Amino acid sequence: MVSSTKSIPATQAPPAPPAGGRRTSASSRREARTAAVFLAPFLLLFVAFILYPVLQAVAMSLFDWDLLTQSATDFGLDNYVRMLGGTGLTWSLTSMLSWRLVLLAVVVTLALAARRGRLGARTAAVTAAPLLLLVLALGIHPGPGGQWNDPRFWAALRHTVEFTVVATPLLVVGGLAMALLVNRKGRSSAFYRTAFFLPYVLPVSVVTLIWIYLLNPDRGLVAWLTERLGLGAVDYLNEPTTALPAVILTTVWWTVGFTMILFLAGLQDIEPSLYEAASLDGAGRWDSFLHITVPGLKRVTVLVVVSQVIASFQIFGQVYLMTRGGPGDSSLVLIQHVYESGIRDSALGYASALSLVLLVVILVVSLAQLKLLRSEES
Amino acid sequence: MTRPLTRPALLRWSALSVAALTLSACGGAAAGSAETADLAAVTDDDLEGLTITVGDFFGDCVDAVGDETDPTVGTTECETMRILNNKFNAENPWGITVNREAGSEWSVYYDAVNSAFAADTAPDILFMHAANIPDYAGRGLLLPLDDSLEAAGIDTADLTEPALAGVTDGQGAVHGVPHDLHGNLVHLNMDLLAEAGLVTAEGEAVLPTSPEELVEHAEQFEQATGRQYIAWANDFNIPFRMFWTLVAQQGETVISDEGEATVDTEAGREALGVIADLYSRGIAQPEQTYDSSQQAWLNGEVGMLVNGTWVVNEYSRSASFDYRALDFPTLYDQPGVWANSHTWVVPAQEDADPARYRAALEYAAFMLENNEAWALNTGHLSPLTSVLESDFYQQADQRAGYATTAEFASLVPQVDGWQGAEDALARALETVWLTGASVEDALAAAQSQVASQLD
C-alpha cells in the first residue's frame, strides 16, 4: 500500500527561524491580511445569515414580539416559562419509564465501554452526566389537575425525538446495505445506483404527493396490497398510531439514496488489497465486513449519523404536507410548532424561544455524538 | 500571527450585540394605528384610473374564465369571483382596475396574509373570514369602515343580523363588508332515507329532533339499508363545528361575547358526549376524511353528509340520486348552527391614501351588490335580507331548504387569537375518539388551552 501522506525525514533539520523581529512582525501582518481576505467571504455570510439571526432570535425570545406589528413588549423570560413550565407539576419514578430505561441502558453501555478501555473515562463521564440528569428530569409531569403551560411543545418535542431515533438508524443501516449491494461494476449496478438515488432529487412536495397517493385507503397501492393479503385497508395518515411511522417511511424512501452515495464513496476509498490479504488469510465475507469495511467507514459513518440527526431534528415539510401534525397532535413536530407560533399566531418571541431550544438540543446531541464517535475512532 | 480574541473581549462583543438587538427590539415599529379616513370627501376625479390590488384564496381560473363578465355563467367559487372581478374592472364608472395578487390556497392563506402585513405589503383589499378580523383589527391593521359604508352606497340595514355581527367588534366598530354567510348543512340522499322510512308521505325528509332520535334514526337506517346513516370530514374541523352547533342549540356559548372561553360547561359536556357516543356506537367514523366521506356519500353509501354551504351546487350537479340540502337539524331547544362569514376588509396602508381606500371600498360594495350571483353559483348564503327573501332566490335549486340557516347562524364572536384557539379546541376534543380520553379531561384541557390562546 502506498501512503499518500508525505512525512519529513527525521534527519532533516527544522527550518531556521527568520532573522530579525521586524521582518517577523511584517510577515505576520501580511499573513494575517491574507488570511483575512480568504476568510472574509465566509465570515461575512456567517455573520449575516447565522450569527446575526441567532443573536436576534435570542433577543426576540426575551420579548412578546408580534409578527404583524413588529412590536416588542414585556421583556423577560415569559416565553421560556410558557414553554417549559406548568401547573401542579410533580415527579414520579414511573413517568416516561420506557424512555428513561433506554437512557439508563445507554449510560450503562457508556460505563462498560469506559471500563473496557474502548472509551476515555472523561468522555464517558461527560456524556453520561447529562443523560442521568435527563433521566431524572423526565420524571417531572403534571400531577392530578395540573398541566403543562404548552402541552403541544412537549408533544412536538417527543415526536421530533421519536422521529430522529427511528429514522436515523434506518437511514444509516439502509444506506449502508444499499451501498454494499451496488458497490460493484456492471450495468445493473449503475441502474440500481441511479434508481436508489433518484427519489432524493425530487422536491418534498412531489415525494409527499406520491406517498399520500400510495397510502390512500381507497385508491392507494398499499391498501390494494393489504386488502389482497386479507389485512384490510388502513388510513395510515389519519390514524394516530400510524401517521408518524408513515412520515418516517416516506422520509427514509426519499433520503436513503443520499446516505447510500456517501457510504458508496466511503467503500470505494477502502484499499482493495486489504480484502485480498484478508481473503488469503482465510477471512470470510462477514469477517471482512466486520474488520475491514466497518472500520474503513468510520469517518463516513460519523458524517452520516451527525448530519442525519441534525436533519431529522428539523423535520417539517413531510409532516406539514402529509398530516399537518395530526390526527390530533399525533405527528406534530417542533418546527411545525415554531412555524405555527410565529406565522399563524404572530408570536415571534415565543417561536424564537422554541427555535433556540431546538438549536440547543441539536447542538448538545451533535457534540456528544462527535465526541463519542471520534473518541471511539482514536 | 494575529492575536486571538480573548474570552472577556468575546463576551463583551456578544453582550454588546445582544444589547443592541434588545434596544432595536424596544424601538420596533409601533402597532398599526388605522384611523377612520374621510372617504366621503374623495371625488370621482380622485378615483379616475386608479389601479389597486386584491387578495383572495379562490385560485386563478383565468383559463376557464377569460374576459367573461357575465356572473351567471360561473359555476364555482373561483370562476364567479374572477368573473365579478372582470365585471368590476369593465364596468366601474371611474376606470378603476383591481388586479389580483398571486394568492395562496385556503389552507395557507392567512400565513401569506400575515407575511404581507409583516412586510408592509398588504394588498389594498383583502378577503377575510369574519372570525379572523379581530386579529388584524385589534392591531390597528384594518381600516374602520363605519363612517365610510354609506359613502360607498352600502345599506347596513339590508344585512342579516349574523352577517353584520360578524364584522362588528365589541365597541360597535365595523371592519369588514360581508360577502356571504356559510355554515354547516346536512346533505341528504333522499333515496336511501326513503328506503329507511325516513321520508314523509309529502316527500319531506324526517330529521331527528333530539340526540336520542338521531341514534334511533341511525339504527333504523342501518337496519333497512345496510349503509352508514351519517358521515363527516374529521380532517376538516367538522367535529368542532358539530360541537359548536350542539352547544349553541342548548342556548349556550363556547366563547362568550366578552371573549372568555366557556368550553368546559354542562352544555359542552352534553355536546361532546353526544359526538363521542356517535363514534363509540360506530354511527360516525373517526377516520373519515373530507375526501372519503364525500366520496362515500356521492357513491350512495351514506344517507346524510354534514358539510358546508359551499358544496350545494357541486353536489346538485354530481349526485346521481335524489339530493336535498337542509338546515342542520335542531337536536335541542333552539335552532343554531356553526357559521362563519366571508368578508372584505381594507388594510391600513402607510400612505393612508383616501382615494385608494375608497376604491377598495367601492370594490367591496360592488361585490355585495352582485351578491346574488355569488350565492346562486356557489351555495353560500347571501348576507342580504333582500336577496334571501327574493322569489328568485327562494325558487332557486335547494335554496329554500336552508335559507333559514342565515337567521340562526352562530358566528364566532369578535375575539383576538381565534384561529389558534379553534385549532387548540379541535385538537383537545379529538383526544376523546383518537386516544380514548374522557369527555371531562378533554373539556378541561380544551378550556385551559383555548383560554391560553385567547389570553
Inside segment B:310-342, can you point out the residues that are within 28 Å of B:D124 (Cβ to Cβ) and crowded, with 24+ Cβ neighbours inside 10 Å? B:A339, B:S341, B:H342
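Condition check ((1) within 11 Å of chain B (Cβ to nearest Cβ); (2) touching a strand residue (DSSP E or B) at 6+ places or on another chain (Cβ under 9 Å); (3) not in a loop (DSSP other than H, G, I, E, B)) across all residues:
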position: A:R33; (1), (2), (3): yes, no, yes
position: A:L43; (1), (2), (3): no, no, yes
position: A:A48; (1), (2), (3): no, no, yes
position: A:V81; (1), (2), (3): no, no, yes
position: A:L89; (1), (2), (3): no, yes, yes
position: A:L101; (1), (2), (3): no, no, yes
Hey, could you check segment A:53-77 for residues that are more than 30 Å from B:P347 (Cα to Cα) and touching a helix residue (DSSP H, G or I) at 6+ places or on another chain (Cβ under 8 Å) and say which is surrounded by the fewest Cβ atoms within 10 Å (Cβ to Cβ)? A:V54
Within segment B:95-104, can one find any residue that is within 13 Å of another protein chain (Cβ to nearest Cβ) and touching a residue at least 40 places away in the same chain (Cβ under 8 Å)? yes
What single numbered condition from (1) at the interface with chain A (Cβ under 10 Å from one of its Cβ atoms); (2) under 18 Å from B:P383 (Cβ atoms) fails to hold for B:Y110? (2)
Conditions (1) within 14 Å of chain A (Cβ to nearest Cβ); (2) at pLDDT below 90; (3) assigned to a helix (DSSP H, G or I): number failed by B:A64: (1)
Taking interchain pairs and intrachain pairs at least six residues apart, which have beta carbon atoms under 7 angstrom, with the first residue in segment B:63-82 and within 13 Å of B:A375 (Cβ to Cβ) and the second among the β-branched types (V, I, T)? B:P71/B:T80; B:P71/B:I83; B:G74/B:T80; B:G74/B:I83; B:E77/B:T378; B:T80/B:T378
In segment A:336-357, which residues are surrounded by fewer than 22 Cβ atoms within 10 Å (Cβ to Cβ) and within 9 Å of another protein chain (Cβ to nearest Cβ)? A:Y339, A:I343, A:R344, A:D345
A:V166: surrounded by fewer than 20 Cβ atoms within 10 Å (Cβ to Cβ), away from chain B (no Cβ under 14 Å) and under 30 Å from A:L84 (Cβ atoms), yes or no? yes
Among the residues of segment B:78-110, the number that are part of a loop (DSSP other than H, G, I, E, B) and closer than 16 Å to B:H342 by Cβ is 3
Flag for B:L298 being within 14 Å of chain A (Cβ to nearest Cβ), of a type outside the set (D, E) and at negative phi: yes
Run B:N132 past the list (1) modelled with pLDDT of 95 or more; (2) within 14 Å of another protein chain (Cβ to nearest Cβ) and report the number of the one that doesn't hold. (1)
Filter segment A:312-334 for residues that are touching a Leu at 6+ places or on another chain (Cβ under 9 Å), surrounded by fewer than 21 Cβ atoms within 10 Å (Cβ to Cβ) and not in a loop (DSSP other than H, G, I, E, B) and give the result. A:L321
Here's a check for you: in segment B:392-418, which residue that is buried (at least 21 other Cβ atoms within 10 Å of the Cβ) and within 14 Å of chain A (Cβ to nearest Cβ) is farthest from B:Y110 (Cα to Cα)? B:V415
Number of the condition not met by B:V113 [criteria: (1) on the phi > 0 side of the Ramachandran plot; (2) in contact (Cβ under 8 Å) with a residue 24 or more places away in the chain]: (1)
Is there any pair with a first residue in segment A:253-270 that is under 15 Å from A:V306 (Cα atoms) and a second that is hydrophobic (A, V, I, L, M, F, W, C) and outside any helix (DSSP H, G or I) whose Cβ atoms are under 8 Å apart and which are 6 or more apart or on different chains, and what are they? A:F263/A:L297
Within segment B:419-455, take every residue that is touching a strand residue (DSSP E or B) at 6+ places or on another chain (Cβ under 8 Å) and either under 19 Å from A:V338 (Cα atoms) or away from chain A (no Cβ under 13 Å) (or both) and give me the one that is surrounded by the fewest Cβ atoms within 10 Å (Cβ to Cβ). B:L454
Per-region count, segment B:93-150, residues crowded, with 20+ Cβ neighbours inside 10 Å, acidic (D, E) and under 19 Å from B:F366 (Cα atoms): 1
Only one of A:V182, A:V165, A:V126, A:V172 that is more than 22 Å from the chain's Cα centre (by Cα) and among the β-branched types (V, I, T): A:V182
Looking at (1) part of a helix (DSSP H, G or I); (2) free of Cβ contacts under 8 Å to residues at least 12 places away in the same chain, which one does A:A156 not meet, given that it meets all the others? (2)
Filter segment A:219-236 for residues that are out of contact with any helix residue (DSSP H, G or I) (no Cβ under 7 Å at 6 or more places or on another chain) and part of a helix (DSSP H, G or I) and give the result. A:A223, A:W224, A:L225, A:T226, A:E227, A:R228
For B:A157, work out the one condition from (1) under 27 Å from B:A421 (Cα atoms); (2) in a helix (DSSP H, G or I) it doesn't fulfil. (1)
Counting only residues that are without any contact (Cβ under 8 Å) to a residue 12 or more places away in the chain and among the aromatic types (F, W, Y), segment A:162-191 contains a total of 1
Checking the conditions here, which among A:P144, A:P151 is touching a strand residue (DSSP E or B) at 6+ places or on another chain (Cβ under 8 Å) and within 14 Å of another protein chain (Cβ to nearest Cβ)? A:P144
Count - residues of segment A:196-218 that are part of a loop (DSSP other than H, G, I, E, B) and either within 12 Å of chain B (Cβ to nearest Cβ) or touching a residue at least 24 places away in the same chain (Cβ under 8 Å) (or both): 4
Of those in segment A:50-59 that are at the interface with chain B (Cβ under 7 Å from one of its Cβ atoms) and not polar (S, T, N, Q), the residue nearest to B:G140 (Cα to Cα) is A:A59
Given the criteria surrounded by fewer than 19 Cβ atoms within 10 Å (Cβ to Cβ), assigned by TED's automatic domain parsing to the domain that holds B:A131 and either closer than 30 Å to B:E48 by Cα or not charged (D, E, K, R) (or both), does B:A364 qualify? no
Cβ-Cβ under 6 Å, sequence separation 6+ or interchain: first residue in segment B:272-291 and away from chain A (no Cβ under 14 Å), partner part of a loop (DSSP other than H, G, I, E, B) and surrounded by 15 or more Cβ atoms within 10 Å (Cβ to Cβ). Which pairs? B:L278/B:A284
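The values are calculated or read from the model by the stated rules, or taken from the named source; none is laboratory data. Just so you know, these numbers come straight off a predicted model, no measurement behind them. Don't worry about glycine lacking a Cβ; one is built from the backbone with ideal geometry, like all the others, and counts go over all protein chains shown.
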